[in-house]
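The next block holds one structure in the form of structure tokens; read it before the comments.
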């Protein structure tokens, strides 16, 4: 039976009554009403059973994963990708293990696919206490490794798209060790989402053993076939850094958040939060150096922090009318804000 407008209004009223009587009041009640209303509308969409199961499973996977990550939101995390087939004797395995150990010493946690190879190595270095595993259920290769198996921070996913969403949502950086199709998939996903502004700015770092041509050959290919052919913007390859030593790779992650705290769109402006106030001279230099990313006006301080949902008074806030295309230049601006001489 088709749901009419009258049915919809009555159902919304019933949901309001349900939430009001059985749940403590919440500022998100309207969102809960909308979610329940859309679930009810599924009865009118005439979807088949497989489609309904897909929606239900995706919702359950995301809900459970967010529950697992919630207690650790204040700790920065790096998503580490690489081949499940890399043997413990391989130089890249040893580098990934050392990387996990080094990044944890800097106060970070490690998130991997939870399987063997590079994923296992990073978790061995980090230790189970500082690791999350986002495992995909496959018929081969993707059994949880011994480090994370049985750990409450191991989350199993049926769908790649929900798993990939959690990798990006619950991490502050992406690190790529040599791998196969899956590594390239996750790497290019990170690049694409940062380049288009669908993910917040983040470090994207490629790491391999000294003497390896793995990432160098890819970067040459990207420069020749994408950059030189005009298929990407001149600054887009600056979104990716390549290192053959762990100290530089870990430093890249830490330095990105040396002064930069976070960012978001604030109505029609872009807001950047910083850990240290800028002097007037520093602000003028940043504004002059990155005026090309402004659609109009310039870069200035946010006058009223009440406009920001994060009202931490210790944070400096810059706002500007972003042109919404120059995300690689935005990344460059963050680099400049982290490299101010006064921070040395």
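Laboratory data are not the source of any read-out in this text; all were calculated from the coordinates shown. None of the values given here were measured: they were computed from a predicted structure. Heads up, the Cβs are rebuilt from the backbone with ideal geometry, glycines too, and the neighbour counts pull from every protein chain shown.
Let me check the size of the stretch 260-343 from its C-alpha atoms; what are the radius of gyration and Dmax in Å?
Taking only Cα atoms of the stretch 260-343, I get Rg and Dmax of 11.8, 32 Å.
Just need the relative contact order of the stretch 73-159 here, percent rounded to a whole number, with Cα pairs under 8 Å and 6+ apart.
28 percent
Averaged over all directions, how much area does the convex hull of the C-alpha atoms of the stretch 151-297 cover when projected, in nm²?
Its average projected convex-hull area is 12.3 nm².
What is the fewest-to-most order of 33, 43 by other Cβ atoms lying within 10 Å of their Cβ?
Least to most surrounded, the residues fall as 43, 33.
How do the peptides 74-81, 120-127 rank, highest first, by the average count of neighbouring beta carbon atoms within 10 Å per residue?
Ranked from most to least packed, the peptides come out as 120-127, 74-81.
Can you give the % of DSSP beta bridges in the chain that are antiparallel, to the nearest 5?
Within the chain, antiparallel bridges account for around 40 percent of the total.
List the relative contact order of the stretch 260-343 as a percent without decimals, with contacts defined as Cα pairs under 8 Å and 6+ residues apart.
Here the relative contact order equals 35 percent.
Based only on the alpha carbon positions, what is the Kirkwood hydrodynamic radius of the stretch 136-180, in angstrom?
So the Kirkwood estimate lands at 12.3 Å.
At q = 0.10 Å⁻¹, work out log10 I(q)/I(0) for the stretch 70-256 with the Debye formula, treating every Cα as an identical point scatterer and leaving solvent out; two decimals please.
-0.36
If each residue of separation counts as 0.36 nm, what is the full-extension length gain between residue 200 and residue 161 once their alpha-carbon separation is subtracted?
12.2 nm
Could you work out, for the stretch 198-246, what percent of all Cα-Cα pairs fall into each 5 Å distance bin, beginning at 0 Å and stopping at the bin that holds the largest distance?
4, 19, 25, 23, 18, 10, 2
How many percent of DSSP beta bridges within the stretch 204-344 run antiparallel, rounded to 5?
In the stretch 204-344, approximately 80 percent of DSSP beta bridges are antiparallel ones.
State the Kirkwood hydrodynamic radius of the stretch 145-207 in Å, one decimal place, computed from all pairs of distinct Cα atoms.
It works out to 12.9 Å.
What Rg and what Dmax come out for the chain when only alpha-carbon atoms are used, in angstroms?
Gyration radius and largest Cα-Cα distance of the chain: 22.7, 69 Å.
May I ask you to derive the relative contact order of the chain, considering only C-alpha pairs under 8 Å and at least 6 residues apart, and to give it as an integer percent?
12 percent
When you count, for each residue, the other Cβ atoms within 10 Å and take the mean per peptide, how do 245-251, 60-66 rank with the highest first?
Answer by packing, highest mean first, reads 245-251, 60-66.
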